[in-house]
Amino acid sequence: MSISKKKSNLKRKRYNHKRKKSNQKRVKTNSIGILFAFIAFISLFVEITKPVPVLSEEEKLITQNQILENPNDIKLNYKYARQQFAAKNIDEGINTIEKLAQIYPNNIQIKLDLLAIYKEANLEEKALAIIDEIKKNENTTENNLKFVEKFESTFKKEEESKTLLSHMTGIFKHQVKSSPSLLANMEEIGKISESILKNRSIKNEYVAKKNVTWSQILQNPKDMKLNYQFARQQFKAGHVKEGISAIKRMSKIYPDNIKIKLDLLGVYKQTDMKKEAYALIKEIKQNQNTTDIQLDFVKQIESSFNFIHSEPVAPPEWMISALISYGYNQDNNVSSVTKDNKQISNNEVISFADPKFDNTSTKNIGVTAFKFFGEKSSFMINANLGNSDQHQGTSGDYDNYGMVFSMDTYLGDFNFAPFLMMSKYENKYSAEMLSNLVGINGSFLKGEKHKFSYGYSLTDTKYNQNSSYDAIRDFNSTTDSFSLGYNFYKNDKISFTTGLTYADSDVLVDAGNDYSSYDIDLRANFSLPWAYFSIGESLTFTDYKNADTSLSTNKRSDTVNTVDLSISKALGDFITSLDPNKNLVMNLAFERTFSESNIMNYDYISDAVSFGLSKSFDLSKMFAK
């Protein structure tokens, strides 16, 4: 069970002391649920029975479903892109960086990286388009503009000359350990290296066209031309380590040849091998054959390890963002009025007097801070506050405040995410409610298309009893919840999820309140070019442990079948002038609920339509040192 789902469940507990209602009984599922479950089962059976290809350790690092689950993770996406380039999947690698550029439209470093990739792939039209974007972006610095202008001039002059370093198709290797902004400097370094190569004694003719074998290198270890040609072949094939080793051997054979050391330094810079680079820089500085021009170049490389495009390479210590949202909900049965408009009250059958049609508006603001530590771990803090106003009824009138603390880490291939959530609801026409929820979620992957998840949570809910609500403490409760989930990724646009949840709730006054519930849900998600679309269905069985004798001598047993669908789209896709960065998201949702019970008060059908707007803001720069 996700944190957002648990949070919504907490809100519903506020109504238990008024109507003593909860989730629902066994009943027949409709044909939609049966068909949905059958399709999901067949898809699951077909995919699981397929043989799973054996992946290398490098391939196991990043899989497609990890990218789908973490589309905003810059480091993860860059590692995946590097993996695709190494496998010669050029289009997939480019597509990955392009998606990041769309998610972070104001991140100039990503745009510069993409520009460098377009340049290497000879995608002149795309390169000129992104150059135009960078020039128009208000976050572009003067150094960024100078760098872009260099690229633009190369396209206009149609220079096709290549160097040893510009043939390194494995240049994305460094992304495993470094930030994406490092890639944006590689083309500039390649040009510097090119000017060095033109002026050094090792001429470009050393790069011959015929292939060089390892046996030839063993037979001619001092042949500079042959070794450089071999290194070039290795870089072009994506064998970065072998290419580096070839140049290192030449540097040892010719210890006073500063030009070879500068080539090696350029490679270290491109692959972010800082430790090796600093050792080589020290060696070049101490060598008596180093000229003043070469020394200046080395100092530039040394400083660029800490700053690229006049901006720090390392990401900020904390990633901070804010989210503001507004929602409007129209409910055609807000009070859960029964099908025949009858209910039992004090052992009498009477008509409902509560309003049936109502609307509620909500406003929320939240701030989230992320801190990454280690290679696979992160810590998150979220603070939020909101307001809800119901037009006719009163159960939806409240102010809410919340804090969430969570950690995400890995133990081998298993993901663990413990969390703590604290909430306070100041009801305008009822008692205040405090809720603390602690739990842990986890998951593991099987191949590239299957993800299994599990979770546990403990919720403690208390009401503030006072002279106005002298019996409200009777509804204080604790709830244990256990969940299992499965995700199937058909491709990068279609995915399916299913889950099972068991919950057990104990309330201070047992009669009509203590229950056990069993929930199964199915969902299909479609990430389409025109919008994100999701449709789901859930079935919940709820059995109450003790009878509420004011309603019936029978123990209550309910069933609820809920079908929902939602669609999301950025406003900027329609009106660019109002949302140029495409971070103002619109959401439209519909939900229909069928509830049946052995007690007439809980037999009802309700429909609800909601519309929401949310806008995110990146606050990291405000808190940067």
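The values are calculated or read from the model by the stated rules, or taken from the named source; none is laboratory data. No experiment lies behind these values; they were computed from the predicted model shown. Positions of Cβ are generated from backbone atoms using ideal geometry, with glycine treated the same way; all protein chains shown enter the neighbour counts. Surface areas here come from the heavy atoms of the whole protein model, side chains and all, with no ligands, DNA or RNA. Shrake-Rupley method; radii C 1.70, N 1.55, O 1.52, S 1.80 Å.
Annotations
- Here T360 fits the description: in a strand (DSSP E or B), farther than 30 Å from N72 by Cα and among the hydroxyl-bearing types (S, T, Y).
- Going through (1) among the hydroxyl-bearing types (S, T, Y); (2) out of contact with any helix residue (DSSP H, G or I) (no Cβ under 9 Å at 6 or more places or on another chain); (3) buried (at least 17 other Cβ atoms within 10 Å of the Cβ) one by one, S620 falls short only on (3).
- Qualifying residue in segment 88-103 (condition: in contact with a helix residue (DSSP H, G or I) (Cβ under 9 Å, 6 or more places away or on another chain), over 29 Å from S377 (Cβ atoms), open to solvent by 60 Å² or more (accessible area, probe 1.4 Å) and β-branched (V, I, T)): yes
- Residues located in segment 514-552, provided they are modelled with pLDDT under 85, of a type in the set (A, V, I, L, M, F, W, C) and surrounded by 18 or more Cβ atoms within 10 Å (Cβ to Cβ): L551
- On the stretch given as segment 495-517, residues that are in contact with a strand residue (DSSP E or B) (Cβ under 8 Å, 6 or more places away or on another chain) and farther than 25 Å from S453 by Cβ total 6.
- Failed item in (1) farther than 27 Å from F594 by Cβ; (2) open to solvent by 40 Å² or more (accessible area, probe 1.4 Å); (3) more than 20 Å from the chain's Cα centre (by Cα); (4) among the aliphatic types (A, V, I, L, M), with I350 passing the rest: (1)
- Residues in segment 318-347 that are of a type in the set (D, E, K, R) and open to solvent by less than 40 Å² (accessible area, probe 1.4 Å): D331 only.
- Evaluation of D492 against the conditions (1) open to solvent by 30 Å² or more (accessible area, probe 1.4 Å); (2) closer than 18 Å to F452 by Cβ; (3) touching a Leu at 6+ places or on another chain (Cβ under 7 Å) shows that the sole unmet condition is (2).
- Taking segment 465-486 as the range and being open to solvent by less than 70 Å² (accessible area, probe 1.4 Å), farther than 16 Å from V507 by Cβ and either of a type in the set (F, W, Y) or modelled with pLDDT under 90 (or both) as the test, the residues that pass are N466, Y486.
The rows are residues; the columns are (1) part of a strand (DSSP E or B); (2) polar (S, T, N, Q); (3) touching a helix residue (DSSP H, G or I) at 6+ places or on another chain (Cβ under 9 Å); (4) modelled with pLDDT of 85 or more.
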site: D558; (1), (2), (3), (4): yes, no, yes, yes
site: N561; (1), (2), (3), (4): yes, yes, yes, yes
site: S566; (1), (2), (3), (4): yes, yes, no, yes
site: G572; (1), (2), (3), (4): no, no, no, no
site: K582; (1), (2), (3), (4): no, no, yes, no
site: A589; (1), (2), (3), (4): yes, no, no, yes
site: R592; (1), (2), (3), (4): yes, no, no, yes
site: N601; (1), (2), (3), (4): no, yes, yes, yes
site: D607; (1), (2), (3), (4): yes, no, no, yes
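- Single unsatisfied condition, M600 versus (1) in contact (Cβ under 8 Å) with a residue 60 or more places away in the chain; (2) under 29 Å from the mean Cα position of the chain (by Cα): (2)
- The selection criterion, being more than 20 Å from F405 (Cβ to Cβ) and open to solvent by 70 Å² or more (accessible area, probe 1.4 Å), does not hold for E426.
- Every condition in (1) open to solvent by less than 30 Å² (accessible area, probe 1.4 Å); (2) aliphatic (A, V, I, L, M); (3) modelled with pLDDT under 85; (4) farther than 27 Å from M224 by Cβ holds for A314 except the one numbered (1).
- When segment 104-127 is filtered for residues that are surrounded by fewer than 16 Cβ atoms within 10 Å (Cβ to Cβ) and in contact (Cβ under 8 Å) with a residue 40 or more places away in the chain, only N106 remains.
- For segment 429-464, the set of residues classified as at pLDDT below 90, over 24 Å from I520 (Cα atoms) and open to solvent by 50 Å² or more (accessible area, probe 1.4 Å) consists of Y429, E432, E448, N464, listed by residue number.
- All positions within segment 246-291 that are in a helix (DSSP H, G or I), within 22 Å of R82 (Cα to Cα) and open to solvent by less than 50 Å² (accessible area, probe 1.4 Å): L264, L265, G266, V267, Y268, K269, Q270, A277
- Strands (runs of 3 or more DSSP E) completely within segment 486-554 that count 3 or more residues being of a type in the set (A, V, I, L, M): 494-507, 515-527
- Check on T394, part of a strand (DSSP E or B) and either more than 23 Å from the chain's Cα centre (by Cα) or at pLDDT below 90 (or both): no
- Counted residues, segment 553-564 - those being in contact (Cβ under 8 Å) with a residue 40 or more places away in the chain and crowded, with 16+ Cβ neighbours inside 10 Å: 7
- The residues of segment 334-387 that are charged (D, E, K, R) and modelled with pLDDT of 80 or more, listed by number, are K339, D340, K342, K356, D358, K363, K371.
- Any hit, segment 402-412, residues being open to solvent by 20 Å² or more (accessible area, probe 1.4 Å) and not in a strand (DSSP E or B): yes
- A Cβ distance below 7 Å, combined with a sequence gap of six or more or placement on separate chains, defines the contacts here; from segment 446-473, residues that are farther than 12 Å from N65 by Cβ reach residues that are open to solvent by 80 Å² or more (accessible area, probe 1.4 Å) and of a type in the set (K, R) in the pairs Y463/R473; Q465/R473.
- Residue that is of a type outside the set (S, T, N, Q) and touching a Leu at 6+ places or on another chain (Cβ under 8 Å), where the choices are V560, V509: V560
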